[in-house]
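The values are calculated or read from the model by the stated rules, or taken from the named source; none is laboratory data. Computed from a predicted structure; not experimentally measured. Heads up, the Cβs are rebuilt from the backbone with ideal geometry, glycines too, and the neighbour counts pull from every protein chain shown. These accessible areas exclude ligands, DNA and RNA; they are computed on the full protein's heavy atoms, side chains included. Shrake-Rupley method; radii C 1.70, N 1.55, O 1.52, S 1.80 Å.
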Amino acid sequence: MITSEQYVLNVVQNPKLLDIAYRAIQAGYTEKEEIVAKTGLESEDDGNGTLEQAIKGLLTFGLARKSEYKYLPEPLAFDTDDWGLNFRMTMLHNVTNEATESDWGKQSVVVLNYEWLLENKQYFNGTSSELRDKIDRWHRDIGYEPRNNNGKRMKLNPEKFNHWRNQAEYLGLIHPTKGRSSNYTVAPDPDLVEASVYAACKEEGDGEGLEAQQYVDWLNQNLLRVPLTTEGEFTKPFASTLYRLAKNKRIAFVKHGDQAQVGFDGVAIDSNDGIAKNANYITVNA
Amino acid sequence: MSSIQQPNGSLCPHYLDIDEEFLSQLSSKVAKVRSEDKDLFDFTHHRITVFDALAEGEVEISEEEIYEQFDRHRSKNFVTVIEGNVGTGKSELCAYLSHRLQDDGRPVLHIDKNADLLTIMAEEIPDFYREHIGGELPGASNVERLQKHVRQNRDTVASLVVAKAALNISDLDDTNVDFTVSERDQLEEFVRDKLTAISQRGNLATKVSFVDPGEIENFSYLNVFEQKSLEDAAEAWNDAIWEAVRDEYDTPSLDQLLKRVGQDFGEDRPVLVFEDFSISALDAAKLRDFMEDDSTENNWDFIIAGTQDSTEILHTQTGLERHEFYRTNRPNSSSVLFLNEDSCVDFIRPYLGYIKHSDGSVSYERDETNAIVDIDSPASSSTCMQCGFCNNTFRDLFPFNEGFLRRIYRGLDDGDQRPRQYVQKVFNVLEDYLEEFVDSPASSDELNDLHNSRTVHDDIYSEESVRQLAKWYGEEGEDSDALVVDARFPKAFGFDEELLEDLPIEREAVSTDHGGPREAWVIPKTKQRKKKQKQKKQKQKKRREPKPDPEEEKIEEVKGYLDTWRENPDASAAADLDVYMRTAFKAALDHLTEGFVLRPDGELEYLVGGNNDPFVLEGQGVPSRDQIRIDPADFTTSDLLALLRYGVYREMSPRQADEAELFGAVGTQLTGYAREWRSTIRSEYLESNPNFFVQAAQNREFEDLVIALCGVAAMLDDPWKEVTAERIQEAYSADDLSLDADLKNILGDRLVQEKQDDIAAFMSETKQIQRLVGEYFAASDNVLDIQQIRERLSKAPPVEVLDDLKKGGIQNLPSELRFDSSTSVKDIAFAGYNLFDALSSVAGDDDAPAAAGFVNHQLRGINVSNVEEYIESIRTYDDVSPDTKEILGKFVTYSQEEIDKVLSACMLQDELWVQKGTHASIHGTLTGLKIYEHELTGILTQIEFTGETTGDDMSEFVKLSGHYTEGL
């Protein structure tokens, strides 16, 4: 995985800058000076101004491309009523699209780190070297080895993990808690998960909803790598989020046909009218 | 080879093809079903003992003694009244007496609780007559006709009856019957509804009375009497309507019909059983009179069962003297003599055994009172014999065991420990098992509302089905700190043996009361229990072991009530636990909202006081505006245990409360609540608060206000700068924003002190305003999303946003919404509101455009270096006065840049002045007033000019220099 492509954990420290720059580009302000004027972002000669950071981020996340001296926007992959959500989901989409076991994209780290957390944690310390080492080892185990221009493997060091935390928080994957010790819960944004169900239904569904397994497959190809337990259940962080959506009647899990069931690990399904016993099909309340 | 398979994750063979209707009959609360199925009744009936209702003290009477009171040679009516609370065995006693009397050859008419009056009179009594006497009952066809009409032509019947009833009423004294068309329509509709009620099954009962006193009061068209009380008026209407019905259909009343039937039975005393005596006051009174009639022509035996309210009408002097009154339950209690904790298993045993009795799998040895003494061995070819899974201790009870059934009974509220409640609860659990909804009957939701505070080791809470198995099936172990579950039960329900490896459970052979040792799962009740082997090794050390922590002891003490609390947080049994759970939820939300701040990494908070919770629990009422709803049922008990642990430590040793442990178990779910809470507060008070702005400005948003506040602060800080997104970015980053000095001076002259104070108060909030901007628009410490600010500014000019603020809406903001104890959003918004009021006092001040026009006129096109040269020259001349020289000296201290700035301000003032809108007007005024107050303006006013003008690009100074030099 030696590419000249920049590494997302090196270049995106503040993902909020990306959507500011993207909106300017999308509005037709495609040259550096125009973007500066439109956004107030600052350009620095050393290439480290907020403008440069934003543009590098957009290029790395596949949200823009360079054409001579202009920066052109790539279209967003989603079309919900919430522009910010579409933007965030597209960031994830672009990374996940290239995150396949046979050929990990260089930026797969964004969703791989989260996949590991979804499988192992609901709460973590963002500065824990033990945690980083575990994730890093897992990267190697699954064959994900991002390398720099010299061909050297890039380890998940504190700075990179710090940048990843900023990205994951912005994307609505993790949630900061009180205190100075940089602790987070692993908590997918319910709006994002709901939007993913709707998008999956639109692309893969039969008009009323879609099979749970189809949803999992869609997620893994289009938005997030979501692990299942050995029993074929959503792990607790994702299961809890789906549970809450069903409880609030934003989606429902029903028994429909004979397709495989995808269960919910560690949640009180019995108390949720929105989740049927042996549910294998997701409906949306459009 | 037998096709019978032992249960192994599958149902008991008896339940594989069970008929739902059969089960429903078995647990039916309708005694008529039981009185018609003698086999079922005999198998399941448990001897009933009741109280003599009229005796002093508790005098017990058995069902046989009651039965013996019935004398077929008696010559008058005989009435047995069985009173008692719902579900306490009244109907069962009725069924018992019915069977005994039928066995004696007595004709028994059993009226079930769902029968309606017309059905009784038109169908049940005539059928009974036809069956026992033969032929048609005289007068019954008229009732049948009435019944048919009521069912099919209700409108016509109502119209007919109302017409006649109105005439009947008008015949009475002191009435004023003069209905309008509308009143007559209403009355017909009223009667039609009543007719509907009397012809609907199940509603007979209380609704047969046509008119109640309350209805006389409520419906003016019924109130046609001049002097009658409401009760008398209702009775008059009832009589009039019934009279109309009977006139029209020539129907007998119930008592007349019974009298007629009884006479035809002669010496064969018929028995009438009213399973639920709650018919109308009108008919009940007539029936009562008939029952009390001691004429020897009457020959009915009545068995009347009902709650005391419904049988009250029978408590007349005569009735109390002549009838027999029994009561099934103790006063002020629903407990009955024939069901208690000791007898509850034997009580339910035949109900469950009946399912397996048809092929001889289950039969009992009984005593003379039908009580079960022992279970027989299964018949040779029966299912139980072929299956061989159960032993005699639970064969009839499976899928339950004795302990489970006893715990169901014990778990019922005191008021629910009644036969019917108990039977129904057991069968509801059974139904969940049969539907295969649950891992085992112990996991049935039906058990949730039962009290059972048994606990297991904390680690087992993660395997809910095992915890529930232990809780309901477990028996106390030898060492009393473990629950022992017969290993056959987990096997039958398909529990994986691997659980034994993952959980602190041991499989051991334990001795039993009923024979040799058996394999069992030994499940520790508390976290403290040590495995047996370890216990032996540690026996010596035991004395030196420290006492468990008080926190751990507290957790063990209250955790048994988690299920109770989960079902009902108000349950008194769980009151202690409730305190810890609330503490845990509140502290968790505090942590996950970073101290109840409204945005991640934000500063704006909502103060949640010590006595307030940011949530209400499900079932505890409607959340207030600053609360979310949390449903304990949304948590697994394993998660609730984690919360309890955290709550106990938070209360007892806050420093040891382990957030990592709590959030490691239930962090995602709690985060969901934290996000909901933030969203609730923000939308309720800020972002979707419709009361921030006046009605005409409902398109404004709180974010507009944030920009407006910062924009106006920037404007007051420097009124010569246009309020743009960039200016707001600048103001956001400024160390300090303060009221411009010139502006302060001139506003000091123009405004009363109160308004000046309002401006000062607003400027004192600028730090908080900067924080607000940061909350809503910052991408980093130094970067604002100025595109968004620009868009908002274009639609919402700052001063106009302040103009749109609604005082009442701001007043209603809670002071808890704040940055810190001294600054609330309410204060900030009020400061903005008052500021607008102050600024609008100076809006349109004519001095503003005049000053700008003057200065612009004087200075435009000026080149400072030229002017300096001219002035130096002028100052050398003697005829120039010293004052003029001094003024000119001051003027030359101004740089070209400074003068350009003033000129630029003049331009801005001019542009704003011609624009429309409050924002431009006030900003234009402030810009001009600062020009007016500016020192340079003062200088210019003191220099003597020629008064001539020469064109746009020439300044008066150019001419001034010319004036002096030419004059020399």
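Annotations for the structure displayed:
- Remark: pairs (first residue in the range B:334-356, over 15 Å from B:Ala371 (Cα atoms); second residue assigned to a helix (DSSP H, G or I) and at pLDDT below 90; Cβ separation under 6 Å; 6+ apart in sequence or on different chains) = B:Ser334/B:Gly415.
- For the range A:168-237, the strands (runs of 3 or more DSSP E) that sit wholly inside it and include 2 or more residues that are within 14 Å of chain B (Cβ to nearest Cβ) are A:174-176, A:183-186.
- When residues in the range B:645-687 are screened for being away from every other protein chain (no Cβ under 11 Å), of a type in the set (A, V, I, L, M, F, W, C), in a helix (DSSP H, G or I) and open to solvent by less than 20 Å² (accessible area, probe 1.4 Å), 4 of them pass.
- For B:Ser382: the one exception among (1) under 23 Å from B:Leu11 (Cβ atoms); (2) open to solvent by 20 Å² or more (accessible area, probe 1.4 Å); (3) of a type in the set (S, T, N, Q): (2)
- Restricting attention to the range B:5-46, the residues being surrounded by fewer than 16 Cβ atoms within 10 Å (Cβ to Cβ) and assigned to a loop (DSSP other than H, G, I, E, B) number 9.
- Of all residues making up the range B:382-431, the number that are assigned to a loop (DSSP other than H, G, I, E, B), of a type in the set (S, T, N, Q) and under 21 Å from B:Ala487 (Cα atoms): 4
- Any chance B:Arg678 is modelled with pLDDT of 95 or more, in contact with a helix residue (DSSP H, G or I) (Cβ under 7 Å, 6 or more places away or on another chain), farther than 19 Å from B:Leu835 by Cβ and not assigned by TED's automatic domain parsing to the domain that holds B:Leu903: no
- Inside the range B:427-446, residues that are touching a Phe, Trp or Tyr at 6+ places or on another chain (Cβ under 7 Å) and among the hydrophobic types (A, V, I, L, M, F, W, C) make up a count of 2.
- Evaluating B:Ile82 against the criteria (1) open to solvent by 30 Å² or more (accessible area, probe 1.4 Å); (2) among the aliphatic types (A, V, I, L, M); (3) in contact with a helix residue (DSSP H, G or I) (Cβ under 6 Å, 6 or more places away or on another chain) leaves one unmet condition, (1).
- Pick from the range B:583-619, criterion open to solvent by 50 Å² or more (accessible area, probe 1.4 Å) and away from every other protein chain (no Cβ under 14 Å), ranking: farthest from A:Thr185 (Cα to Cα): B:Asn611
- Qualifying residues in the range B:711-759 (those that are hydrophobic (A, V, I, L, M, F, W, C) and open to solvent by 60 Å² or more (accessible area, probe 1.4 Å)) - the one farthest from B:Arg792 (Cα to Cα): B:Val752
Here is a yes/no grid of residues against (1) assigned by TED's automatic domain parsing to the domain that holds B:Asn176; (2) at pLDDT 80 or above:
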{"position": "B:Phe210", "(1), (2)": "yes, no"}
{"position": "B:Pro213", "(1), (2)": "yes, no"}
{"position": "B:Glu217", "(1), (2)": "yes, no"}
{"position": "B:Glu226", "(1), (2)": "yes, no"}
{"position": "B:Ala233", "(1), (2)": "yes, yes"}
{"position": "B:Trp237", "(1), (2)": "yes, yes"}
{"position": "B:Ala240", "(1), (2)": "yes, yes"}
{"position": "B:Val245", "(1), (2)": "yes, no"}
{"position": "B:Leu257", "(1), (2)": "no, yes"}
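- Counting residues in the range B:180-202 that are in contact with a strand residue (DSSP E or B) (Cβ under 6 Å, 6 or more places away or on another chain), modelled with pLDDT of 75 or more and outside any helix (DSSP H, G or I) gives zero.
- Every residue from the range B:168-197 that is of a type in the set (A, V, I, L, M) and surrounded by fewer than 14 Cβ atoms within 10 Å (Cβ to Cβ): B:Val181
- Qualifying residue in the range B:880-891 (condition: in a loop (DSSP other than H, G, I, E, B), open to solvent by 60 Å² or more (accessible area, probe 1.4 Å) and on the phi < 0 side of the Ramachandran plot): no
- Residue, surrounded by the most Cβ atoms within 10 Å (Cβ to Cβ), within the range B:501-510, restricted to residues that are over 14 Å from B:Tyr461 (Cα atoms) and aliphatic (A, V, I, L, M): B:Val510
- Candidates B:Val362, B:Val373, filtered to the one that is in the same structural domain as B:Leu405 (by TED's automatic domain parsing), more than 38 Å from the chain's Cα centre (by Cα), over 17 Å from B:Glu63 (Cβ atoms) and not in a loop (DSSP other than H, G, I, E, B): B:Val373
- Top-ranked residue in the range B:437-463 [being within 13 Å of chain A (Cβ to nearest Cβ) and within 18 Å of B:Leu500 (Cα to Cα); ranked as least open to solvent (accessible area, probe 1.4 Å)]: B:Tyr461
- The helices (runs of 4 or more DSSP H) found wholly in the range A:1-68 and carrying at least 1 residues that are more than 12 Å from every other protein chain (Cβ to nearest Cβ) occupy A:8-11, A:32-39, A:50-60.
- Of all residues making up the range B:857-879, the number that are part of a loop (DSSP other than H, G, I, E, B), surrounded by 15 or more Cβ atoms within 10 Å (Cβ to Cβ) and either outside the structural domain of B:Cys906 (by TED's automatic domain parsing) or of a type in the set (D, E, K, R) (or both): 1
- Single match in B:Glu791, B:Glu765, B:Glu800 (criterion: away from chain A (no Cβ under 14 Å), under 43 Å from the mean Cα position of the chain (by Cα) and within 30 Å of A:Ala24 (Cα to Cα)): B:Glu800
- Within the range B:210-241, restricting attention to residues that are charged (D, E, K, R) and closer than 14 Å to B:Thr175 by Cβ, the residue that is most open to solvent (accessible area, probe 1.4 Å) is B:Glu226.
- Residue among B:Glu402, B:Glu368, B:Glu435 that is assigned by TED's automatic domain parsing to the domain that holds B:Arg349, touching a residue at least 40 places away in the same chain (Cβ under 8 Å) and among the acidic types (Asp, Glu): B:Glu402
- If you filter the range A:74-125 down to residues that are within 14 Å of chain B (Cβ to nearest Cβ) and part of a strand (DSSP E or B), you find that the one that is surrounded by the most Cβ atoms within 10 Å (Cβ to Cβ) is A:Tyr123.
- Of the residues making up the range B:904-920, those that are buried (at least 19 other Cβ atoms within 10 Å of the Cβ) and of a type outside the set (Val, Ile, Thr) are B:Ala905, B:Cys906, B:Leu908, B:Gln909, B:Leu912, B:Trp913, B:His919.
- The lone exception for B:Met291 - which of (1) open to solvent by 10 Å² or more (accessible area, probe 1.4 Å); (2) under 22 Å from B:Glu83 (Cβ atoms); (3) part of a helix (DSSP H, G or I) it fails: (1)
- Screening A:Glu31 on (1) out of contact with any His (no Cβ under 6 Å at 6 or more places or on another chain); (2) in contact (Cβ under 8 Å) with a residue 12 or more places away in the chain; (3) surrounded by 16 or more Cβ atoms within 10 Å (Cβ to Cβ) shows it passes everything except condition (3).
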